[in-house]
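Here the structure comes first, spelled out in C-alpha cells, and everything after it is commentary.
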Amino acid sequence: MVEKKDLIKITDVTWEIPTSYREDMRVPVRIFADETLIDAALGDKSFDQAVNTTTLPGLVSPVVVMPDVHQGYGFPIGGVAASRYPNGIISPGAIGYDINCGVRLLASGISLEDVRGELPDLASALDANCPSGVGVGGSVRLTTKELDKVCRQGSTWALKNNYARRDDLERTEEQGQIHGADPSSISSRAKQRGKGQLGTLGAGNHFIEIDVVEEIFHEAAADAMGLAEGLLTVQIHCGSRGFGHQICSDYVREFQSAVKRYGIKLPDRELVCAPLNSPEGKRYKAAMACAANYAFCNRQVLSHHVRRSFEQVLAGRVPDWDLHQVYDIAHNMGKTETHIVDGEKVRVCVHRKGATRAFGPGFEGLPEVYKPFGQPVLVPGSMGTASWVLLGTEESMTKSFGSSCHGAGRVMSRRQAKREVRGQDLRQELEAQGIIIHAGSMPGLAEEAPKAYKDVDAVVDVVVRAGIAAKVARLRPVVVIKG
Amino acid sequence: MQPAFEEIEHTADWALRVHGQNLTDLFRNAALGMLSMLDIEPVPGKTEKRVFELKAEDTETLLVSWLEELLYPLEVENAAVVDFQVEVLEKVLLKATIELKKIASIKKEIKAVTFNELDIRTVDSGYETIIVFDV
C-alpha cells in the first residue's frame, strides 16, 4: 500500500506520487489535501486505487485526487483522470455506476424565521411527494418510446412535459442535455429498470435537504445566485438510479473482453476500458449520455415535486414560496472537453468520479449571469453538517482539469458506523440541533452518520487554498429527507 | 473452519470475503452473503420458480453475472430470491433454479456487483474471493 513516505509534498495542500513509485504508472498522481486529510486517506486504499488508474492508456498528466477522496472500486471516489482523443480510453468504472450522480440547488426568498413553525409540514410534504427508499417506484411511468426521448433530451423532456422552467435548464450543467445519446446502445434490462424510476430519490447517501444560508463569503456571486443569509434553499442529491447502474454494469462486463482485444493490461479488472475511437468506446459514451440525461431529468422531476411541496405548505402563509434554480452539477461523469496541456489545446475525455466540474469565469456554457464569477460548484456536507456553494476558478483549469471536490468524503465504513451509531439516537441528536429527519431506514441513517465523514469545512478549506475553487456561501441543514 | 462468507471493512461500499469447498459452493455462499445483506422481508404465500443457465468468458465474470441475475428482479418485478440451487459446470457455465416471492419490505440497495480486484483463488480449503458491492 502507498505510505506517507511515498508522497512528495509540493505545498501545504498539494502532494504528488511520482511515476517512480511503481513501474506501470504512466503519469503521476497529484493530491490536493492537507496533512490531516492525507493521513485520513492513507487509512484505506484511496491512493493505491489512484496509482492503479495511472496505468490507463492515453492519460494526460496527472491523475488528480481531491481532498474528499475515499476508497471506491477501481478508481477512487474523488478522482479526476483525463484521456486524450482519439486514442485515449474511456473507462465506465472510472465514471461510476451511478452515472451523473449530482447535486441541484434551489434557492428562495423565504426567511427561516418566517416559516420555522412550518418546517415539520414541509418535511412531511417532501417525504410524501418525492418517492424515496429502496424499491420505490416513481411518479412518472415511462413507455419505451418516452424513455428513449428522456435518454436523448434529458431536462428538455421535463420542460416539454411541464416539469421544468426554461431558466432551470439554463442553470444546469450542459443545459441538462448531453448530446450524442443513443438509446440503441442500451440493453433491454436497463430500459426495464429505467421505465419506473424517473422522479425517485433512491437510498444510500442520496437526500433532499432544506438548508438555511448561514454565511455569505462572496456578495456579488451570491447576489447573482439569489442567495442571502437567513433564506431557505433546497438541495437534491441523486443520480440515474437503476437505469445508470445497469448501463455501467453491462459495459464493465462487456469491456472485460474489450481490453483483451485491444491488448490493454490493467492491475484491477474494475478499470476495464476501451479506446475512445473504438466502436466499443463510442457505444459506451452514447449509453453514458443516455444515463446522464436520465439523471438530469430525474433531478428535474424531483425539483417539480419539491416546488409542489412548498406550494402545498406555504401558499397563503408567506408572500412568495417560489424556488429558483441556482445550479445543477454532475459529480460522476465522463466529459469531452478542451484543456491546455503543456501550452497546447488538447481534446480530452475527463473522467470525474466523485469530483465536480469547476470551470472558471467566462466559459461558454455558463449562463450570462454567472459568467463574471465562474461556475457554481455544489458541495453537500454529511447529514447534519454544513454544505458549501463554491465557484470554479481559472486556476482549476490548469491544476485539476477544471475540477473540484464533491462532498465531505467517507472516512468510516458503513459497518463501523452501524456498530458505533444507533439510527434512533442519531435522529434524536440531530433533532436536538433543530434538524428534522425523515429516513426510510434507521440502520441506513446510522450508516450516514456525520462521524462517518470527513470534516467538509476542512475539505473546502483545501480546495480554496489550492486555488481550484472559491467560497460563496455556507449552508446549514434544517430538514433532511433520506430514502 | 473458514466462514462461508463474512463482511470485511470497506470505506464506502460493502465487501464480502467468501469461501467454498468447490466453485458451486463458492457461488452458493456468495449469493447467500449478498442476499443476507439486503434485509428483505418477502410477502408470505405464492412462490415462482425459474430455471436458467449462464455462460461467461471466465469464472469471475460468471460470478458477477450470477449475482446480478439474483438482483435484477428486485427493482423490475418487486420480487426477491428466497431459495435457489446452483451448480457450476466447467468453470464458465452454471445452471440454476431460483424461487421468487414478492417483496413486503427491503432495507438495502445494491447498485452493482463490481469487478474490483476480483480474483477467485484456490486455497487449501477450496476457493476464496472478495467481492465489492457498490451501495
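The values are calculated or read from the model by the stated rules, or taken from the named source; none is laboratory data. All values reported here derive from a predicted model rather than from experimental measurement. Positions of Cβ are backbone-derived with ideal geometry, glycine not excepted, and every protein chain shown enters the neighbour counts. Please note that ligands, DNA and RNA were not included when accessible areas were found on the heavy atoms of the full protein model with its side chains. Shrake-Rupley method; radii C 1.70, N 1.55, O 1.52, S 1.80 Å.
Is it the case that A:Asp44 is over 19 Å from the mean Cα position of the chain (by Cα), within 12 Å of chain B (Cβ to nearest Cβ) and open to solvent by 10 Å² or more (accessible area, probe 1.4 Å)?
Details: over 19 Å from the mean Cα position of the chain (by Cα): yes; within 12 Å of chain B (Cβ to nearest Cβ): yes; open to solvent by 10 Å² or more (accessible area, probe 1.4 Å): yes.
Yes.
Where in segment A:315-403 are the strands (runs of 3 or more DSSP E), entirely inside, with at least 1 residues that are polar (S, T, N, Q)? Even if it seems obvious, please write down each step before you answer.
Values: elements: A:323-330, A:332-341, A:344-353, A:376-379, A:387-391.
In segment A:315-403, the matching strands (runs of 3 or more DSSP E) lie at A:323-330, A:332-341, A:387-391.
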Restricting attention to segment B:87-102, and to residues there that are among the acidic types (Asp, Glu) and not in a loop (DSSP other than H, G, I, E, B), which single residue is farthest from the other protein chains (Cβ to nearest Cβ)?
B:Glu87
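Which one of B:Glu68, B:Glu41 is out of contact with any Asp or Glu (no Cβ under 7 Å at 6 or more places or on another chain) and not in a helix (DSSP H, G or I)? Give the steps one after another, and end with the answer.
Working: B:Glu68 fails: not in a helix (DSSP H, G or I).
Exactly one residue qualifies, and that residue is B:Glu41.
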Test: B:Val132 is closer than 24 Å to A:Arg193 by Cβ, away from chain A (no Cβ under 13 Å) and either in a loop (DSSP other than H, G, I, E, B) or of a type outside the set (Lys, Arg) (or both):
no
Per-region count, segment A:180-202, residues open to solvent by 10 Å² or more (accessible area, probe 1.4 Å) and assigned to a loop (DSSP other than H, G, I, E, B)
7
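Pull up segment A:422-460, narrow it to residues that are assigned to a helix (DSSP H, G or I) and among the basic types (Lys, Arg), then point me to the one that is surrounded by the most Cβ atoms within 10 Å (Cβ to Cβ).
To start, the set of residues in segment A:422-460 that are assigned to a helix (DSSP H, G or I) comprises A:423-432, A:442-447, A:450-452, A:456-460.
Next cut, among the basic types (Lys, Arg) only: A:427, A:451.
Working: A:Arg427: 19, A:Lys451: 13.
Only one residue fits best here, namely A:Arg427.
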So, of the residues in segment B:103-127 that are in a strand (DSSP E or B) and touching a helix residue (DSSP H, G or I) at 6+ places or on another chain (Cβ under 8 Å), which turns out to be surrounded by the fewest Cβ atoms within 10 Å (Cβ to Cβ)?
B:Gly126
Would you mind stating whether A:Arg26 is basic (Lys, Arg), surrounded by fewer than 17 Cβ atoms within 10 Å (Cβ to Cβ) and outside any helix (DSSP H, G or I)?
yes
Criterion violated by B:Glu75 - all others in (1) part of a strand (DSSP E or B); (2) under 21 Å from A:Arg189 (Cα atoms) satisfied:
(1)
Can you tell me how many residues in segment A:347-368 are open to solvent by 10 Å² or more (accessible area, probe 1.4 Å) and more than 15 Å from A:Glu174 (Cβ to Cβ)?
4
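Rundown of residues vs (1) away from chain A (no Cβ under 14 Å); (2) modelled with pLDDT of 95 or more, yes/no style:
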| position | (1), (2) |
| --- | --- |
| B:Ile8 | no, no |
| B:Gly20 | yes, yes |
| B:Asn29 | yes, yes |
| B:Lys46 | yes, no |
| B:Leu63 | no, yes |
| B:Gln85 | yes, yes |
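Just to be sure, is B:Glu68 open to solvent by 20 Å² or more (accessible area, probe 1.4 Å), in contact with a strand residue (DSSP E or B) (Cβ under 8 Å, 6 or more places away or on another chain) and within 12 Å of chain A (Cβ to nearest Cβ)? Full working, then the answer.
On the way: open to solvent by 20 Å² or more (accessible area, probe 1.4 Å): yes; in contact with a strand residue (DSSP E or B) (Cβ under 8 Å, 6 or more places away or on another chain): yes; within 12 Å of chain A (Cβ to nearest Cβ): yes.
So B:Glu68 passes the test.
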Among the residues of segment A:65-84, is any open to solvent by 10 Å² or more (accessible area, probe 1.4 Å) and more than 14 Å from chain B (Cβ to nearest Cβ)?
yes
Looking at A:Gln192, A:Gln175, A:Gln197, can you tell me which residue is within 20 Å of the chain's Cα centre (by Cα) and either more than 24 Å from A:Val136 (Cβ to Cβ) or without any contact (Cβ under 8 Å) to a residue 60 or more places away in the chain (or both)?
A:Gln175
Just checking, which of A:Asn205, A:Asn162 is open to solvent by 60 Å² or more (accessible area, probe 1.4 Å), assigned to a loop (DSSP other than H, G, I, E, B) and not basic (Lys, Arg)?
A:Asn162
Mind listing just one residue for me: the one in segment A:51-64 that is away from chain B (no Cβ under 14 Å) and aliphatic (A, V, I, L, M) and, of those, nearest to A:Thr338 (Cα to Cα)?
A:Val60
